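*Asks:* Okay, here's the structure, questions in a sec.
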Amino acid sequence: MMDVALLSRVQFALTAAFHYVFPPLTIGLGLMLVVMEWRWLRTGDADYRAMTRFWTRIFGLVFAVGVGSGIVLEFQFGTNWAAYSRYVGDVFGSALAAEGIFAFFLESGFLAIVLFGWDRVRPGVHFLATCMVCLGAHFSAVWIIVANSWQQTPAGFHLVERGGGVRAEITSFWELVLNPSSVDRLIHVVLGAYLASAFLVISVSAYYLVKGRHQRLAVKSMKIGLVLALFASLAQWVSGHSSARVVVEHQPAKLAAMEGLYRTGPRSPLHLFGWVDERGERVWGLAVPGALSLLAHGRLDAPVTGLDQFAPEDRPPIQVTFQAFHLMVFVGAMLVALSALGCWLWWRKLWDPTGRPWVRAALWVLVLAVVLPQMANQLGWIVAEVGRQPWIVYGLLRTRDGLSAAVGPGAVAFSLALFAAIYLLLFALFLMLLDRKIREGPVLEAGPEVSAERAGRRGPGGE
């Protein structure tokens, strides 16, 4: 017989994973639009205006699909997870209301000016609208991460009896916002968003270079994407280490699952890769002795809490958490290497693939690399969410206890199949429209004059 808890989790995972393709792109593209438009205002170079208009159209498409897919998640809190919603309604209501007021309205309100105001408002006003869209996208990340982080490390609340049940109510809004994991998780998520958008820009720019189209614009946009990609890929390692230290302190069972660590003790190994033998309670693979103790506590002889300190029913799914974590780390290393490759091509000015098969091959690698940041983002969420099981609110509410009592497995299975079919069609439509916009490419056109004072000095080629 189908398990309603598992089906509900799979359904929420499907909708959340599909939705999470798009918000990271709007966060990072918002920042890059600000940089591109600022370069146009600073230099007066029409290439940057055309570049900004092109990526604005991509942003609009991504935003539209992201909004549509995100609404479904809100409904699932009431349909599939009613007990959970009652338990955390006071907490989530505050965070989601703040996201709607301070983020979504700001982003969507100014987006109309960004999309349609190029020839209707002054350049400075349009740039202000672009900044507001970027700010709104980042605010959205802030409040969603605050809400999710509270589930991981609850703070600023107390439990009260209401309507015959227990629910969490806020005692300190700022303790809720600044719960122990929120800042580290926010930085990690935003850096992942920067990587997703930077590699999208790099991918499209490399495609144009390979095809010999829009080469001048492609080189300029490639440089912007590479600067952001190199910064974010390196900073992500620092952020990841900081996030892991929070997991060490507040979610030791998750850390043990991430490393397949069954026994507590000093000189705990850090696995580079492997396969978890859950029956034999060991990991077959390559490990560095003592490295986990060193990274977690700063000493080789420091003991790290293993799964032996937790009852079997309190342990996360170990194999999934372990593999997702290590694959995420591997993809992160690839992103650093590919960012460095692109920067080397920039440094050597090797943008022209004509007569250089290896340059052409390198550019194609950058074209295809667009999927890697998305993969890393999805794997990161798998580690975060699967790794905190069996808790939906860590240490307080079990996932199974958050389900809606009135929803049966048949209804969940039917809606899961329906969502899967709709999302498949929606994603195909998104890819078709994205491909069409990329094939059309940026269009150089005469824009409003930019004053010499605003343009500043321009070097050769407007750079």
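Throughout, read-outs are computed from the coordinates displayed, never taken from laboratory work. Treat the numbers as computed from the prediction; the structure is a model and nothing was measured. Note that each Cβ is placed from the backbone with ideal geometry, even for glycine, and that neighbours are counted across all protein chains shown.
*Asks:* If you average 1/r over all unlike Cα pairs in the chain and invert the result, what Kirkwood radius do you get in angstrom?
*Replies:* Roughly 23.9 Å, rounded to one decimal.
*Asks:* Which net charge results for the neighbourhood of Pro266, defined as the other residues with beta-carbon distances under 13 angstrom from its beta-carbon, given Lys and Arg at +1 and Asp and Glu at -1?
*Replies:* +2
*Asks:* With unit charges on the beta carbon (Lys/Arg positive, Asp/Glu negative), name the residue among Gly30, Leu226, Tyr20 whose Cα is farthest towards the positive pole of the charge dipole of the chain.
*Replies:* Towards the positive end, the residue furthest out is Leu226.
*Asks:* Remind me, relative contact order of the chain in percent, using alpha carbon pairs under 8 angstrom and six or more residues apart?
*Replies:* 22
*Asks:* Okay, moving on. If you rank Thr354, Thr43, Thr321 by fewest surrounding Cβ atoms within 10 Å, what's the result?
*Replies:* Least crowded to most crowded, the residues run Thr354, Thr43, Thr321.
*Asks:* Moving to a separate point now. For Ser140, Ser243, what ranking results if the residue with the fewest other Cβ atoms within 10 Å of its Cβ goes first?
*Replies:* Ser243, Ser140
*Asks:* Here is a follow-up. Charges at C-beta only: +1 for Lys and Arg, -1 for Asp and Glu. How large is the resulting dipole of the chain about its Cα centre, in Debye rounded to 20?
*Replies:* I would put it at about 1500 debye.
*Asks:* In the chain, which helices (entire DSSP H runs) extend 18 Å or more along their own long axis, judged by Cα positions, while averaging at least -0.5 on the Kyte-Doolittle scale?
*Replies:* 4-19, 23-43, 46-79, 82-98, 123-152, 182-211, 215-250, 318-347, 371-386, 409-440
*Asks:* Using the crude model of +1 on Lys and Arg Cβ and -1 on Asp and Glu Cβ, and no other charge, please compute the dipole size for the stretch 18-58 relative to its Cα centre, in debye to 20.
*Replies:* About 60 debye.
*Asks:* Among all lysine pairs in the stretch 8-441 that are eight or more places apart or on different chains, how many have alpha carbons less than 28 angstrom apart?
*Replies:* 9
*Asks:* Ranked from highest to lowest mean number of other Cβ atoms within 10 Å per residue, what is the order of the peptides 214-227, 61-74, 155-168?
*Replies:* 214-227, 61-74, 155-168
*Asks:* Run lengths n ≥ 4 of DSSP H only: what is the helix-derived mean residue ellipticity at 222 nm for the chain, with -39500 (n - 2.57) per run over all residues, to the nearest 500?
*Replies:* The per-residue figure over the chain is -23000 deg cm²/dmol.
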